[in-house]
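First up is the structure itself, then whatever we jot down about it.
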Amino acid sequence: MTERLYYADSYLREFHARVLDRTPDGTLYLDRTAFYPTSGGQPHDTGFIAGTAVVDVIDEGERIAHRTAAPVDTAQVECRIDWSRRLDHMQQHTGQHLLSAVFVEQFGIETISFHLGQEISTIDLETPAVDMANVIAAERRANEAVSENRAILVTYENAAAAGDLRKPSDRVGTLRIVSIDGLDRIACGGTHVRLTGEIGPILIRRLEKIRNCVRVEFLCGRRAVTRARADYDALSRIAQAFSTSLDEAPQTAAAQIDAARENDRIRRKLESDLAHYQGRELYEGAAPGENGLRRVSRRLQKGTMEELRALAQSFTAQPKAVFIGAVDKPASVMLATSLDSGIEAGKILQPLLLHAGGRGGGSARMAQGSVPSAEALDQVVRALLSL
Ligand SMILES: [Zn+2]
């Protein structure tokens, strides 16, 4: 059985231990350990055992398995945990206790699960929805409790007698109870800071509705400051791009988006007007053939048929008109005809496309399709020109 040193002292960073058992793949079992194994939503510690990196720590019930990067063959080992990683975990984990306690205290909302991630941590609140105003109030209240620097104590109490817990424990015998002075009492086996001030700032970010819960993302301590710095940098770049201040950036961005939409609307109108005039000009310049039809073709090296559509429509709005459009890449073709042309675009184009290995179709006035190659495109265009 491994003695769990982190239960009594979560600030213990270095310790000596005796190796009780080992496996050839580099798993060690010690008589005592300060390495926290992955459990209760908190990830395992890393660090060194006899100078060899610890890559995983697993709770096997009675014993704790330490997986090392290489086999360790000494019997007595000096151990050191990665303190920066552990302190970060303690800040997030204790911050979670506080945040969960505040959601109960302020709004009677229970936390049903906790996840401590590499970048962000989450709690799932047992509620179908939560007001943003309440989330902000909970964040403020939690940060108040941080500045009050309340004591966080670990006590051992008999499960049958331990009352007033935020969440009832289904364990029997002795419970390890972690309490935040005047705010919270809960059974927990994790590692915690000793004063709420050590949690540092608490920052709530994204909310996500998951089934019948609300998942709340949060950051504590150094993570909150790092995130706030990244947010500031991003917002500064946005403000700089808009030549405005940070506080005015959202309004300026919204106004610019509106202006861009309006410009886009005007541009489309102008393009349509231009196509209308170009279509008429094209028509005036096209001599009628023997059958009385005016026929023109336009070919783009690349682009989409959309770019030719307005011109085609404008051209074929005139009497006895046939418009053939083609785009080389991707190989595609269009046929537009005026009402009095006697040519049904879809019925004419579809068999030509099929014959050339392509596909497509359309109405009597406008049809289009794609073909597999430039040669196939030439073949279809030639056929249309001889209509
Ligand atoms: Zn805990």
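The values are calculated or read from the model by the stated rules, or taken from the named source; none is laboratory data. None of these values were measured; they are calculated from a predicted model. Positions of Cβ are backbone-derived with ideal geometry, glycine not excepted, and every protein chain shown enters the neighbour counts. Heads up: the accessible areas ignore ligands, DNA and RNA and are worked out on the full protein's heavy atoms, side chains in. Shrake-Rupley method; radii C 1.70, N 1.55, O 1.52, S 1.80 Å.
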### Summary
Heads up, the strands (runs of 3 or more DSSP E) in region 315-387 (entirely inside) with at least 2 residues that are touching a residue at least 40 places away in the same chain (Cβ under 8 Å) are 321-329, 332-337, 366-370
### Message
Just the residues that are within 16 Å of the ligand (Cβ to nearest atom) and either open to solvent by less than 10 Å² (accessible area, probe 1.4 Å) or polar (S, T, N, Q) (or both), please, taken from region 59-88.
### Response
Arg86
#### Entry: Selection within region 1-11 - of a type in the set (A, V, I, L, M) and crowded, with 16+ Cβ neighbours inside 10 Å
Leu5
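Name every residue in region 169-212 that is within 18 Å of Glu105 (Cα to Cα) and either away from the ligand (no atom under 15 Å from the Cβ) or outside any helix (DSSP H, G or I) (or both), in order of residue number. I'd like the intermediate steps shown before the answer.
We begin by selecting, within region 169-212, every residue within 18 Å of Glu105 (Cα to Cα); these are 178-187, 196, 202, 204.
Passing the criteria: Val178, Ser179, Ile180, Asp181, Gly182, Leu183, Asp184, Arg185, Ile186, Ala187, Ile202, Ile204.
Can you pull out every residue in region 282-309 that is of a type in the set (A, V, I, L, M) and open to solvent by less than 40 Å² (accessible area, probe 1.4 Å)? Show your work before the answer.
Within region 282-309, the first condition is being of a type in the set (A, V, I, L, M), and the residues that meet it are 282, 286-287, 293, 296, 300, 305, 308.
Of everything in region 282-309, those that are of a type in the set (A, V, I, L, M) and open to solvent by less than 40 Å² (accessible area, probe 1.4 Å) turn out to be Leu282, Ala286, Leu293, Val296, Met305, Leu308.
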### Query
Hey, Ile152 hits all of (1) within 15 Å of the ligand (Cβ to nearest atom); (2) open to solvent by 30 Å² or more (accessible area, probe 1.4 Å); (3) modelled with pLDDT of 95 or more but one; which does it fall short on?
(2)
### Task
Please verify whether region 40-57 includes one or more residues that are among the small types (Gly, Ala, Ser), modelled with pLDDT under 95 and within 16 Å of the ligand (Cβ to nearest atom).
yes
### Query
Has region 129-137 got at least one residue that is closer than 22 Å to Tyr11 by Cα, in contact (Cβ under 8 Å) with a residue 12 or more places away in the chain and touching a Leu at 6+ places or on another chain (Cβ under 9 Å)?
no
### Message
Given the options Ser113, Ser169, name the one that is touching a residue at least 40 places away in the same chain (Cβ under 8 Å), of a type in the set (Gly, Ala, Ser) and surrounded by fewer than 19 Cβ atoms within 10 Å (Cβ to Cβ).
### Response
Ser113
### Query
Before we move on, is Ala239 more than 16 Å from the ligand (Cβ to nearest atom), open to solvent by less than 80 Å² (accessible area, probe 1.4 Å) and not charged (D, E, K, R)?
yes
### Message
Name the single residue that is farthest from the chain's Cα centre (by Cα) among those in region 15-38 being of a type outside the set (D, E, K, R) and open to solvent by 40 Å² or more (accessible area, probe 1.4 Å).
### Response
Leu20
### Message
Based on this model, can you work out whether Asp273 counts as among the acidic types (Asp, Glu) and open to solvent by less than 60 Å² (accessible area, probe 1.4 Å)?
### Response
yes
#### Entry: Residue list for region 180-233, filter: over 13 Å from Thr94 (Cβ atoms) and of a type in the set (S, T, N, Q)
Asn212, Thr226
### Residues that are touching a Cys at 6+ places or on another chain (Cβ under 8 Å) and under 18 Å from Ile199 (Cα atoms), drawn from region 97-114
His97
### Among residues of region 83-110, those that are free of Cβ contacts under 8 Å to residues at least 60 places away in the same chain, of a type in the set (Val, Ile, Thr) and assigned to a helix (DSSP H, G or I), counted
0
